[in-house]
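Take this structure first; my questions come after.
No value in this document is a laboratory result; all are computed from the given coordinates. This is a predicted model, so every value here is computed, not measured. Heads up, the Cβs are rebuilt from the backbone with ideal geometry, glycines too, and the neighbour counts pull from every protein chain shown.
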Amino acid sequence: MVDPVKCETESGVSRTVVRGAMRVLAAKGLLEPKQKRGTTVRPRADWNLLDSDLLRRQGGSAPTDCFLEDLAEVRATVEPAGARPITQPDGGRHRDRPAHP
């Protein structure tokens, strides 16, 4: 459970700043606000670990094995498709055109 008052006190910032930060974290899927039940931190497995802000923030700590495995899986999916046009003589510009006999 996230306690906004405790965040204000520990961080020395206003309630407006804490609410704004919590809105951003909720929009990124890290927090889950619930009416009359408070705000909770969502499980790490639900986070978008490739979010640019999260990557920047985690830059100071060593990545976990799970994160590295997920990153390798994403790279294995994306990189071949991205490199394919470079390896084709026409630069991949005419993929939709039928091949000449």
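Per DSSP H run of at least 4 residues, take -39500 (n - 2.57); add these up for the chain, divide by its residues and hand me the 222 nm value, nearest 500 deg cm²/dmol. Spell out each step's value before the answer.
On the way: 4 runs with 51 residues, N = 101.
Calculated from helices alone, the mean residue ellipticity at 222 nm is -16000 deg cm²/dmol.
Put +1 on the Cβ of each Lys and Arg and -1 on the Cβ of each Asp and Glu in region 4-83; which of LEU68, LEU31, GLY82 then has its Cα farthest toward the positive end of the dipole?
So the residue furthest toward the plus end is LEU31.
Let me check I have the definition right: for region 1-80, take the eigenvalues of the Cα gyration tensor, multiply each by 5, take square roots. What are those semi-axes in whole Å, largest first? It would help to have the intermediate numbers written out before the result.
Numbers: eigenvalues 176, 40, 24 Å².
Sorted largest first and rounded, they come to 30, 14, 11 Å.
Could you tell me the relative contact order of the chain? Use alpha-carbon pairs under 8 Å, at least six residues apart, and round to a whole percent. Before the final figure, lay out each step's value.
Details: 50 pairs, mean separation 15.7, N = 101.
It comes to 16 percent, rounded to a whole number.
In addition: Rounded to the nearest 20 debye, what is the charge dipole size of the chain about its Cα centre when +1 sits on each Lys and Arg Cβ and -1 on each Asp and Glu Cβ? Could the numbers behind the result be given before it?
Values: 17 positive and 14 negative charges, 102 e Å.
Roughly 500 debye, rounded to the nearest 20.
Using the basic label-point model (7 angstrom from Cα toward the beta carbon), what is the LYS34 to PHE67 distance in nanometres?
2.7 nm
Once phi is turned into ³J(HN,Hα) by the Karplus curve 6.51 cos²θ - 1.76 cosθ + 1.60 with θ = phi - 60°, what whole-Hz value does each residue of region 36-47 show in order, with x for glycine and proline?
6, 10, x, 10, 10, 7, 6, x, 4, 4, 8, 6
Check which residues have an amide H placed less than 5 Å from VAL2's amide H, if you skip close sequence neighbours.
It is THR39, THR40, VAL41, by chain and number.
Please list 3J(HN,Hα) in residue order for region 72-84, calculated via the Karplus relation 6.51 cos²θ - 1.76 cosθ + 1.60 where θ = phi - 60°; whole Hz, with x for glycine and proline.
4, 5, 5, 4, 5, 7, 8, 5, x, 5, x, 7, 3
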